[in-house]
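Q: Just passing along the structure, written as structure tokens.
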Amino acid sequence: MDSGVIVDERIDPEVLANLERTYKEQLARGNPSAVAIYSYAHGLIKSNNSDVRKGIQLLEDLLRQEVEDISKRDYVYYLAVAHTRLKEYDRALAYIDVLLSAESNNRQALDLKDIHCNNRNDIGEMSQMQAKINLDGIIGMAILGGGIAVIAGLALAALAASKSAEKAEQ
């Protein structure tokens with residue numbers, strides 16, 4: 001399946017509820033299986049941002065465990081997908097690079113990297129990922145700058161009002 005489709009894919013709420021129920025039933029009996037945890041985490045990363053974060057936590061926990069039920073490659077790939085969905089491009093690219101360092105021809109990782117980097121050899125051309133990072137940074141700086149301007153304006157207005165009040169008292 002195309003990585004672009006995977007990144008944009010959404011889960012049916014009923015399917016997610018079933019995955020959650022299975023996970024919680026196993027959790028209530030003790031330790032849930034790696035398959036139940038992975039399936040639930042995989043569903044969570046196709047949901048809203050707070051669920052994506054829960055999915056990331058579950059996948060990172062699985063990555064630290066010594067279970068062989070599911071390939072760690074799958075955990076790393078879906079961690080890259082999850083961070084892409086959250087627009088955490090640096091972290092996504094770091095996971096992609098981990099995959100590619102282990103398997104340089106991993107088609108899923110290469111496809112996902114294509115989404116981020118546009119795979120062009122033009123030295124002067126900015127990658128799609130870098131453009132997204134820059135745009136997010138510019139938007140953040142604009143919001144911060146706007147906030148500072150509003151606060152400065154309010155402070156100046158308060159100062160002017162204070163000076164007007166002092167002159168009126170004299």
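The values are calculated or read from the model by the stated rules, or taken from the named source; none is laboratory data. Note that the structure is predicted; figures quoted are calculated from it, not measured. Glycine also receives a Cβ, built like all others from the backbone with ideal geometry; neighbour counts cover every protein chain displayed.
Q: Among the candidates K24, K54, which residue alone is among the basic types (K, R), assigned to a helix (DSSP H, G or I), in contact with a helix residue (DSSP H, G or I) (Cβ under 8 Å, 6 or more places away or on another chain) and assigned by TED's automatic domain parsing to the domain that holds L86?
A: Being among the basic types (K, R), assigned to a helix (DSSP H, G or I), in contact with a helix residue (DSSP H, G or I) (Cβ under 8 Å, 6 or more places away or on another chain) and assigned by TED's automatic domain parsing to the domain that holds L86 holds for just one of K24, K54, which is K54.
Q: Assess whether S50 counts as being of a type outside the set (F, W, Y), without any contact (Cβ under 8 Å) to a residue 12 or more places away in the chain and over 24 Å from Q108 (Cα atoms).
A: Criteria met by S50.
Q: If you don't mind, there's one more thing I want to ask. Where residues in region 27-40 are under 19 Å from E60 (Cβ atoms) and over 23 Å from the mean Cα position of the chain (by Cα), which of them is surrounded by the most Cβ atoms within 10 Å (Cβ to Cβ)?
A: Per the stated criteria, the residue is P32.
Q: Output the qualifying pairs, or none if there are none: Cβ atoms under 7 angstrom, residues six or more apart or on different chains, first residue in region 66-91 and without any contact (Cβ under 8 Å) to a residue 24 or more places away in the chain, second residue in a helix (DSSP H, G or I) and hydroxyl-bearing (S, T, Y).
A: Listed pairs, sorted by first residue: V76/Y95; L79/Y95.
Q: Would you mind stating whether G43 is at pLDDT 90 or above and either in a helix (DSSP H, G or I) or not acidic (D, E) (or both)?
A: Yes: the conditions hold for G43.
Q: Then there is this: Determine whether region 69-89 contains at least one residue that is at pLDDT below 70 and either in contact with a Gly (Cβ under 9 Å, 6 or more places away or on another chain) or closer than 23 Å to S47 by Cα (or both).
A: Checked region 69-89: no residue is at pLDDT below 70 and either in contact with a Gly (Cβ under 9 Å, 6 or more places away or on another chain) or closer than 23 Å to S47 by Cα (or both).
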